[in-house]
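J.: The structure under discussion is supplied below as structure tokens; questions concerning it will follow.
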Amino acid sequence: MKRVSIVTPCYNEEAGIAECHATIKAIFDKLLPGYEREHIFCDNASTDRTLEILKDIVAHDPCARIIVNARNFGPLRNNYNGVMAATGDAVLLFMPADLQDPPELIPEFVALWEQGYEIVYGIRATREEGWTMRSVRTLYYNLLTRFSDIAVPPGVGDFQLVDRRVVEAMRQIRDNYPFMRMMTFECGGRAVGIPYRWRARKHGVSKNRLSALFDQGMNGIITFTTAPLRFALITGFLAATLSLVYAVVNLLFGLIFYHKLAEPGILTLIVAAFFFGGVQLFFMGLIGEYVLAIYARVRDKPAVFERERINFTGPDA
């Protein structure tokens, strides 16, 4: 019997975590009876009753597992650590605790995987969220996929079912801050996509703060594109060229209209100083992002530090 692993990261999801488990279990019992289920819940040091509910679940379900982090390591690292702990022949990289990605697509994902597709990914064709966030997300992913050398269809998230070979290939990428939705395509394999409607949250609000979303977005751009550095190079070249042209034009006007010009423009100097100072600070910060990425890679820390694992078997018990 083939095993399919489902990974659900969670942080303060007491309102919906039991429903998530029951929904996945019902889908396997009714629509995938020929497959063994492994449902891994990765608790990111929740401060509510999430862990208590999960412990009650695994006490009655031998197919459920829990990884408890020593502290909150952020959603990306937490999710990735759960994927690396999965033992299935196929692994669903991300099943949100609030079921925003539709679990009813799992049987279709499995059927396509059985046909030989190593990466079966969901495409968020429509989103149940506000116009502002939807537009920002669309713009970001369009830029990311356009400037990356990895071909990734727009609208792809972490809701992907991947073959064991892809998971093992991902394991070879030593990245302290993994961006999985692009990592799978970096590993390569026969892929197929399924469009769906991304739902609004049923319980509470998103635990991802705006600062965390910005950090994750920068991580994706820095990791999978060279566009920021190329942009810096081109912008610096254009700024230097325009400055040279301005200096030449200013010199010619000074020679031709010497007697009609006022004192040398102090305002021009101030504007130029602020402009080029701002440009330099911006690109120094940009370079700093790459230095931080290199620093994190050199330190080679594990994605998370775990406090305990529950219901696992073998050496990871």
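J.: Gly34 fails exactly one of the following numbered conditions: (1) open to solvent by 20 Å² or more (accessible area, probe 1.4 Å); (2) closer than 20 Å to Asp158 by Cα. What is the number of that condition?
T.: (2)
J.: If you don't mind, there's one more thing I want to ask. Within the stretch 30-49, identify whether any single residue is farther than 23 Å from Asn69 by Cα, without any contact (Cβ under 8 Å) to a residue 60 or more places away in the chain and charged (D, E, K, R), and answer yes or no.
T.: Yes, that holds for at least one residue.
J.: Tell me the residue from Thr145, Thr126, Thr138 that is on the phi < 0 side of the Ramachandran plot and in contact with a strand residue (DSSP E or B) (Cβ under 6 Å, 6 or more places away or on another chain), please.
T.: Thr126
J.: Return the only residue of Val68, Val91, Val83, Val120 being in a helix (DSSP H, G or I), in the same structural domain as Arg199 (by the TED database) and aliphatic (A, V, I, L, M).
T.: Of the residues listed, the single one that is in a helix (DSSP H, G or I), in the same structural domain as Arg199 (by the TED database) and aliphatic (A, V, I, L, M) is Val83.
J.: Please determine whether any residue of the stretch 223-245 is surrounded by fewer than 16 Cβ atoms within 10 Å (Cβ to Cβ), at pLDDT 75 or above and not in a helix (DSSP H, G or I).
T.: no
J.: Need the failing condition index for Gly155 against (1) open to solvent by less than 30 Å² (accessible area, probe 1.4 Å); (2) modelled with pLDDT of 85 or more, just the number.
T.: Unmet for Gly155, out of (1) open to solvent by less than 30 Å² (accessible area, probe 1.4 Å); (2) modelled with pLDDT of 85 or more: (2).
J.: Just to be sure I understand the filter: pairs with C-beta atoms under 6 Å, separated by 6 or more residues or on different chains, first member in the stretch 174-189 and touching a residue at least 60 places away in the same chain (Cβ under 8 Å), second member surrounded by fewer than 18 Cβ atoms within 10 Å (Cβ to Cβ) and part of a loop (DSSP other than H, G, I, E, B). Which pairs pass?
T.: Asn176/Lys301; Phe185/Ile150
The values are calculated or read from the model by the stated rules, or taken from the named source; none is laboratory data. All values reported here derive from a predicted model rather than from experimental measurement. As a convention, Cβ positions derive from the backbone with ideal geometry for all residues, glycine included, and neighbour counts pool all protein chains shown. To get the accessible areas, we keep the full protein, side chains included, count just its heavy atoms, and leave off ligands, DNA and RNA. Shrake-Rupley method; radii C 1.70, N 1.55, O 1.52, S 1.80 Å.
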